[in-house]
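Here is the structure we will look at.
The values are calculated or read from the model by the stated rules, or taken from the named source; none is laboratory data. If you're wondering where the values come from, they're calculated on a predicted model, not measured in any experiment. With ideal geometry, Cβ positions are generated from the backbone for all residues, glycine too; neighbour counts draw on all protein chains shown. Note: areas computed on protein heavy atoms with side chains; ligands, DNA, RNA excluded. Shrake-Rupley method; radii C 1.70, N 1.55, O 1.52, S 1.80 Å.
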Amino acid sequence: MGNLTATRPQQPWAAPTATAPVTAALRLPGSKSMTARALVLSALAGGPSTLHGPLRARDTELMAGGLRAMGAHVSVSDDDRWLVRPHRLVGPAHVDVGLAGTVMRFVPPVAGLTDGRVTFDGDPQARVRPLGPLIGALRSLGVRIDAPETGSLPLVVQGVGRVTGGEVVIDASASSQLVSGLLLAGARFDRGVVVRHQGPPVPSAPHLRMTVQMLRAAGAAVDDTVDDVWVVEPGPLAGRGWEIEPDLSGAVPFFAAALVTGGEVTLQGWPHNSVQPVEQLRSLLDRMGGEVTLTTTGLTVRGTGTVHGLTADLSDVSELTPALTALAMLADSPSTFTGIGHIRGHETDRIAALAREFTGLGADLTETADGLEIRPRPLRGGAFRTYADHRMAHAAAVAGLAVPGIEVDDVSCTSKTMPEFPALWSAMVTGKS
């Protein structure tokens, strides 16, 4: 008879169109990147830790669940204050990675320290995300891993309670997370870890700097003075309090609204010394016609209602590509984005997906090997598919500010990093809290 309980397709989400300049002061959820790293470092520490203002979303709850499955005590009952008490890591355990790159790349090195068998699998699309270089690196460091010849999920780590560690060469051009995963667990390896990248440039360098800074904050000795080489000495990690910053990547669509509508959007609670790439974002938004200021109130972006095109290498801030592409569609001149070939291996092939969906709305853009060429022209409403990718939904929302009738097939995919997104966005655009 088949499956009679199949879920019905959800109703498309109508991206709201702005009828006036957007003015909003927002307090957004915490950084996914910081929350994920703090959870891993806390689970490997010598004492308890507290995460203040963490992100509660699918990716971070999967991370907490994976560490909990291996024996760490992770309490997320308080939205604003998560508690982590490290314990001896043991198997058997199963880790559901969902579609989270952080989970599939940060947790296998931790599993090597686990005494027992740890299995990993996730959403169907997770099985095509790049993982082979990490598997090869862990094997060379003494970790036994059973994995398909494709170097992908599902995989099994046969932990023995310790990892020899040492020096490893890896091609991390597909994702900086491949390096971060090794570094985060490296202090607990018998010989620490020396990671040498060999290949095309590593993307998302600010995320690597975040990893190094947070390791040092936990007491690890890290040397990153040589290009493409990272050294983590063996030694204990300290439990501590982690203050999680608001998520900069998640804030970009909201800032984009200020540019598109000639409004003003403030992200409250922004620290003056951030581990996220604020300066890169400031430069990009300035060039596109925005004014970015940091005060005691927060990080504020003002727009004039006119968006300028630009040519930019986005390799350091590739997470911003979908929202910036939507902005570029509404600009007064063409744009060219380069350095983002690696985002073809993200939640979906983002370059192809952006080209396909915006072309369907009447856009004129061309895929290149490592980017997009965008020639603005009037867009029309229509269906917009997300491919289960939260950043695609963000792009559709930005375009919808100026283009009536954009229907997003699955806005619930934003729960990956910001479950509140549809409600926050609609309230901001309509001015109704």
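Shape class of the stretch 153-202 from the alpha-carbon gyration tensor: oblate, with a/c at 1.5 or above and b/c at least as large as a/b. Taken per residue, the accessible surface of the chain reaches 38 Å², heavy atoms only and a 1.4 Å probe. The simple Förster model, with R0 at 25 Å and r as the Cβ-Cβ distance, assigns Thr366 and Asp332 a FRET efficiency of 0.85. For the chain, the antiparallel share of DSSP beta bridges with both residues in that region comes to about 65%. Helix 32-43 axis versus longest C-alpha principal axis of the chain: approximately 10°, rounded to the nearest ten.
Angle of helix 177-186 to the longest C-alpha principal axis of the chain, folded into 0 to 90 degrees and rounded to 10: 30°. Between the residues Ala111, Tyr387, Ile406, the greatest Cα displacement towards the positive end of the dipole of the chain, with unit charges on the Cβ of Lys, Arg, Asp and Glu, is found for Ala111.
Summing +1 for each Lys or Arg and -1 for each Asp or Glu among the other residues whose beta-carbon sits under 12 angstrom from that of Val194 gives -3.
Over all other residues within a Cβ to Cβ distance under 14 Å of Asp227, the charged ones net out to -1, with Lys and Arg as +1 and Asp and Glu as -1. Counting only alpha carbon atoms, the long axis of helix 350-360 and the longest principal axis of the chain meet at about 20°. Put simply, when 241-251, 380-390, 30-40, 70-80 are sorted by average Cβ atoms within 10 angstrom per residue, most first, you get 30-40, 241-251, 380-390, 70-80.
Taking the chain as a Gaussian network of alpha-carbon nodes connected by springs under 10 Å, the highest mean-square fluctuation of the residues His197, His272, His52 belongs to His272.
The distance between label points at Arg139 and Gln158 comes to 1.3 nm (points 7 Å beyond Cα on the Cα→Cβ vector). Annotation for the stretch 87-155 versus the stretch 388-433: alpha-carbon center distance of 32 Å.
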